[in-house]
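The values are calculated or read from the model by the stated rules, or taken from the named source; none is laboratory data. What you see is a predicted model; the values in this text were computed from it and never measured. Note that we place each Cβ from the backbone using ideal geometry, even for glycine, and neighbour counts take in every protein chain shown.
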Amino acid sequence: MKLPLKGVIPPVVTPLLDNNTLDIKGLENLVEHLVTGGVHGLFILGTTGEATSLSNELRKEFIKRTCDLVNHRIPVMVGITDTSFDGSLEIAEFSQKAGADAVVVAPPYYIPISQTEMMDYLENLIPRLPLPMLLYNIPSYTKLHLAVKTVKAAKELGAIGIKDSSGDMLYLFTLIDEFKKAPDFSIITGTELFMPETILQGGHGAIGGGANMYPRLFVDLYEASVARDFEKITFLREKVMRLYNTIYSVGKTSSRYTKGINCALSAMGICNDYVAFPLRKFEGEDKKKIEQYILEFDGIMN
């Protein structure tokens, strides 16, 4: 895996038939949809992939099948965040044996921890990991907004970069400025709308859920940002904004983003739209809205 990690890396949904069964054909379709769409890597078992809702057995099957399908065409990164230290190590070791290229680590969720405790956690975890490690800042889910000092400590321990899903652009720019003299350390936004600013400021890419549906749109936006083609950036970002105002806005619960992407992929004929407990997939009017939005997108994406 070349460093720094760059480009568009979808946080891949986990195609399911039910709470304990992968949608194997759907996964095959999705992987090919993403790889042929030009993405630069895959991030599996993240938030969009509902990792915390899946059994270890199902996670391992998903890791192995995804790595086999990708077959080293692009890097595969696996989320190993767990409430259990040994649980994270177990998934990391399995990922290495399955052929993954890196692991992704967010602060352990549920019990709030301090920055000092997080640094101590990383000091114990990173040396035992069998694969390169990307840090993941997602304070809305973990209760900890990683301080720049903590990120610096992670880098010194061997982290290859950070995915920032805080939605805080000032923090994102601070990270880019802090590590601009570290050419192999990647700053990747988890807020897909921030991708142009991230690249223009000196960052490296985006891990954005919308790329599950429209990988080429996000690859084109990344390439326009690298080329500093502001006219094209404006044109493409309007399409990304359309996702926010349509598919991401259906439903009234905070889970609508995850459910919307799954429903959209089903409407596109790529994979099933089942989501794991405790979430419930869109049905009725919400599902019809998503299907109508996909029809409208088909007219503007081609």
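Key figures for this structure:
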quantity: Helices (runs of 4 or more DSSP H) within the stretch 145-208 that include 2 or more residues closer than 20 Å to residue 106 by Cα; calculated: 148-157, 169-178
quantity: Which listed residue, of 195, 169, is within 26 Å of residue 264 (Cα to Cα), of a type in the set (A, V, I, L, M, F, W, C) and either surrounded by 21 or more Cβ atoms within 10 Å (Cβ to Cβ) or without any contact (Cβ under 8 Å) to a residue 60 or more places away in the chain (or both); calculated: 195
quantity: Those residues of the stretch 118-144 which are in a helix (DSSP H, G or I) and surrounded by 14 or more Cβ atoms within 10 Å (Cβ to Cβ), in sequence order; calculated: 118, 119, 121, 122, 125, 126, 139, 141, 142
quantity: Condition check for residue 189: more than 23 Å from residue 121 (Cα to Cα), surrounded by 18 or more Cβ atoms within 10 Å (Cβ to Cβ) and either out of contact with any helix residue (DSSP H, G or I) (no Cβ under 9 Å at 6 or more places or on another chain) or at pLDDT 95 or above (or both); calculated: yes
quantity: Output for the stretch 91-114, where each listed residue is surrounded by fewer than 16 Cβ atoms within 10 Å (Cβ to Cβ) and either out of contact with any strand residue (DSSP E or B) (no Cβ under 9 Å at 6 or more places or on another chain) or at pLDDT below 95 (or both); calculated: 97, 110, 111, 112, 114
quantity: One residue from 248, 274, 257 being buried (at least 16 other Cβ atoms within 10 Å of the Cβ), of a type in the set (Ser, Thr, Tyr) and farther than 15 Å from residue 209 by Cβ; calculated: 274
quantity: Subset of the stretch 59-116 that is polar (S, T, N, Q) and not in a loop (DSSP other than H, G, I, E, B) - its residue that is farthest from residue 32 (Cα to Cα); calculated: 116
